Each structure stands twice: as C-alpha cells, then as structure tokens.
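A.B. asks: Next up is a structure, given as structure tokens.
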Amino acid sequence: MSTHVTPPQRRKFLFTMLGGIGALIGAASAWPVFRFLAPSDADSGSDQVLVPRGDVVAGKAHFFQYRGKPAVIMQPSPGSFIALSAVCTHLGCVIAWQEQAGEFLCPCHGGRFSADGQVLGGPPPKPLESLVVQIDGDQLKIG
C-alpha cells in the first residue's frame with residue numbers, strides 16, 4: 001500500500017502548519033503587550049492604610065503595600081512621620097533602606113534618595129512620591 005502525497009497537498013499541509021505556528025507566536029507576543037497596556041487591578045487597592053504606630057521605629061524603615069504598590073514609612077524624629085512610595089522614579093525598581101548611610105538605595109541603577117525622598121545621586125529624575133500621613137491615636141493613616 002503506497003501513499004503518494006502530491007505537491008499541492010504537501011504545500012497545503014505546510015501552509016496550514018506555518019499558519020498555526022504563526023498564530024501561536026503572534027498570540028504569545030501580543031499577550032505581554034496587552035497586559036502592559038490594560039488597566040491594572042492593583043490600583044484598586046484601599047485609599048488608606050493603617051499602620052500601628054509601634055511598628056514604625058525611629059531611624060528604621062517600615063515597608064507596606066499602598067494601592068497595590070510598595071511604600072515605606074519612617075520616623076526621622078520622635079512623633080514625626082514620613083511616608084513615601086518605595087518605587088524608584090527612574091525605572092520603577094523597589095528601593096531599599098540603607099540604615100548605615102541613612103538613605104534609600106535603588107538596587108537597579110544606584111539611585112540614592114534621602115530619608116525624606118529627595119534625590120541624592122544617580123539617574124532618578126525626581127524625588128520619591130510623598131504620601132499623606134495622619135496620626136490617629138496609636139494608628140498611622142497613610143493616604
């Protein structure tokens with residue numbers, strides 16, 4: 001029993017396979033673009049976050065989530081609180097607190113920020129976003 005495939009049948013099969021593979025590659029390429037352009041559900045987070053006042057130790061950074069993104073609150077002097085976005089204004093990396101130096105450092109490109117969010121060096125074009133802090137008894141309301 002011999003099966004003979006004619007050139008038009010072979011061509012049709014190859015075009016069908018290439019079309020299917022092309023469609024898969026197109027879908028795989030379009031998905032990240034769609035997710036980038038689509039509105040994020042992360043922005044639907046709470047407008048206010050409560051942080052226990054005792055969690056914020058003087059001279060140390062307390063990280064938390066605000067509207068689905070990392071944020072940080074500090075107590076530079078007793079009874080004074082500063083809350084900032086913990087997202088670097090250069091390319092969106094999460095900053096880290098350098099206790100020895102008393103400043104924030106972006107691990108991606110070496111951006112440096114003061115404890116109040118001002119740019120000290122590196123490529124960040126602007127200061128960290130400041131968040132409103134209200135003292136409510138033993139709670140800190142951020143936002």
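A.B. asks: Starting from residues that are closer than 18 Å to Gln48 by Cα and over 13 Å from the mean Cα position of the chain (by Cα), keep the ones in the stretch 73-104 and report whichever is surrounded by the most Cβ atoms within 10 Å (Cβ to Cβ).
C.D. replies: My answer is Ala83.
A.B. asks: Restricting to the stretch 38-52, name every residue that is at pLDDT below 85 and not in a loop (DSSP other than H, G, I, E, B).
C.D. replies: Selection gives Asp41, Ala42, Asp43, Ser44.
A.B. asks: Return yes or no: is Pro8 modelled with pLDDT under 90, over 37 Å from the mean Cα position of the chain (by Cα) and not assigned by TED's automatic domain parsing to the domain that holds Ala83? Can you show your working first?
C.D. replies: Working: modelled with pLDDT under 90: yes; over 37 Å from the mean Cα position of the chain (by Cα): yes; not assigned by TED's automatic domain parsing to the domain that holds Ala83: yes.
Yes.
A.B. asks: When you check Lys69 against the structure, is it surrounded by fewer than 19 Cβ atoms within 10 Å (Cβ to Cβ), at negative phi and within 17 Å of the chain's Cα centre (by Cα), yes or no?
C.D. replies: Criteria met by Lys69.
A.B. asks: Same structure, new question: Are there any pairs, at least 6 apart or on different chains, whose C-beta atoms fall under 7 Å, with the first in the stretch 110-126 and over 12 Å from His90 (Cβ atoms) and the second of a type in the set (Gly, Ala, Ser) and in a loop (DSSP other than H, G, I, E, B), and if so, which?
C.D. replies: Matching pairs, first to second residue: Ala115/Gly102; Leu120/Ser114.
The values are calculated or read from the model by the stated rules, or taken from the named source; none is laboratory data. Source: prediction; values computed, not measured. Using ideal geometry, Cβ is built from the backbone for each residue, glycine included, and neighbour counts are taken over all protein chains shown.
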